[in-house]
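The block underneath contains the structure these notes are about, expressed in structure tokens.
No value in this document is a laboratory result; all are computed from the given coordinates. Just so we're clear, the structure is a prediction, and the values are computed from it rather than from any experiment. As a convention, Cβ positions derive from the backbone with ideal geometry for all residues, glycine included, and neighbour counts pool all protein chains shown.
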Amino acid sequence: MRQFFPVEDLARDERFVQTNMAERMKDARTVADVTSSRKSRGKSMRLTPDRHDASDGARSLMHGIMVGEIQALEGAGRTAHDFAAGDGSGDTIPFELKLDMARQAWDEARHVEISVKLSDWMGTELGQFAENTVLFEAACSNDPVLRLAGVNRALEGLAIDVFTQMKEFGDIAGDPYLEFCEDWMLADEVTHVKMGSDWLRKVTEKDPDRRAKALEFQQVVDKLFSFGGARGETEESPIGLARRFRELAGFTDDEVDTISQMDHDALEERKAAVRAYREQAGLESATV
């Protein structure tokens, strides 16, 4: 079997439509449409059933979860296969880490099945929304520690936030199926992030430079997936930052504070971009 599988060779059938993340976020049906203003969405940007675009937003987010789970399955499987068993130095990983990645691949396969059924339950067809492949790209590093930082800590950390949001959405909407399934998958995601946190610290225990490089890469991925502040701790962010679950997953208070500040900065950048977009489009008001 091939090792270090490139993102360009991922197996997809004709139902999938792939694009880059910037174009994906411009889709007006998403919860993070970068050309949208707060005024057009209402007082709060949080995804709640009373939002006029709640149906499209929830289905878009669920579709994003589904394709994300596919890539998470592919990424965990590749990490388990790509690196030889060893002491964690160089391009080896401890055998126990291989087992954890195999366990995660099993979890992600189950999540794919659940997410496909939930998407069908919510009236969404596979391919109705575009797929970006940044998650798998973060799992293509030649350094397994960077994969732990980029996928298990950054992207699975985002999954904690998204699943928490969807669980709350299902509760408010009175949808017990959505609420239960999201709660079920959320428990797995906390475990996956905790595995990444524990292994990153263990493997880099005697190599502070390697740890610093991994955490820097994590911040880069977190920045990419802040979606212009679509995730954050204010009502201006559609997706809330799930502090408590992140703490359970091995994040320190300082790490969560850093992510929160990063999300805030990204939100301010997006607001400035929206103002510029509206002014360029000649709209009556550039209010965000």
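Size estimate for the chain follows the Kirkwood approach: the inverse of mean 1/r over distinct Cα pairs works out to 19.4 Å. Take every pair of alpha-carbon atoms less than 8 Å apart whose residues are at least six positions apart; their mean separation over the length of the chain yields a relative contact order of 21 percent. Of the residues A109, P94, Q18, the one whose Cα sits farthest toward the positive end of the charge dipole of the chain, with +1 on the Cβ of Lys and Arg and -1 on the Cβ of Asp and Glu, is Q18.
For segment 130-147, putting each phi into the Karplus relation 6.51 cos²θ - 1.76 cosθ + 1.60 with θ = phi - 60° gives couplings of 6, 10, 10, 10, 4, 4, 5, 4, 5, 9, 9, 5, 6, 9, x, 5, 5, 5 Hz, in residue order, rounded to whole numbers and with x for Gly and Pro.
For the pair segment 99-166 / segment 225-288, the C-alpha centres are spaced 21 Å from each other.
For E131, the amide hydrogen comes within under 5 Å of the amide hydrogens of V17, Q18, T19, counting only partners 5 or more places away or on other chains and with H modelled in the peptide plane.
Counting lysine pairs in segment 16-280 that sit 8 or more residues apart in sequence, or on different chains, and whose Cα atoms lie under 19 Å apart gives 12.
Across segment 47-205, the volume of the C-alpha convex hull divided among the residues equals 93 Å³ per residue. Residue-wise HN-Hα couplings along segment 217-232, as the Karplus relation 6.51 cos²θ - 1.76 cosθ + 1.60 with θ = phi - 60° gives them from phi, are 5, 4, 5, 4, 5, 4, 4, 4, 9, 7, 6, x, x, 5, 10, x Hz; Gly and Pro carry x. The relative contact order of segment 70-144 comes to 42 percent, based on Cα pairs under 8 Å that sit 6 or more residues apart. For segment 204-288, a simple Cβ point-charge model (Lys and Arg +1, Asp and Glu -1, everything else neutral) yields a dipole of about 280 debye relative to the Cα centre.
Under a model in which nothing but the beta-carbon of Lys, Arg (+1) and Asp, Glu (-1) is charged, the chain shows a dipole of about 380 debye around its Cα centre. Rounded to the nearest Hz, the phi-derived 3J(HN,Hα) couplings of segment 121-126 under the Karplus curve 6.51 cos²θ - 1.76 cosθ + 1.60 (θ = phi - 60°) are 4, 8, x, 10, 9, 4, where x marks glycine and proline. Each of A72, P238, S119 was placed along the dipole of the chain (beta-carbon charges, centred on the mean Cα), and the one lying farthest toward the positive end is P238. Loop-located GluC sites (Glu not before Pro) in segment 184-288 (DSSP state not H, G, I, E or B) with no more than 14 neighbouring Cβ atoms inside 10 Å: E205, E235, E284.
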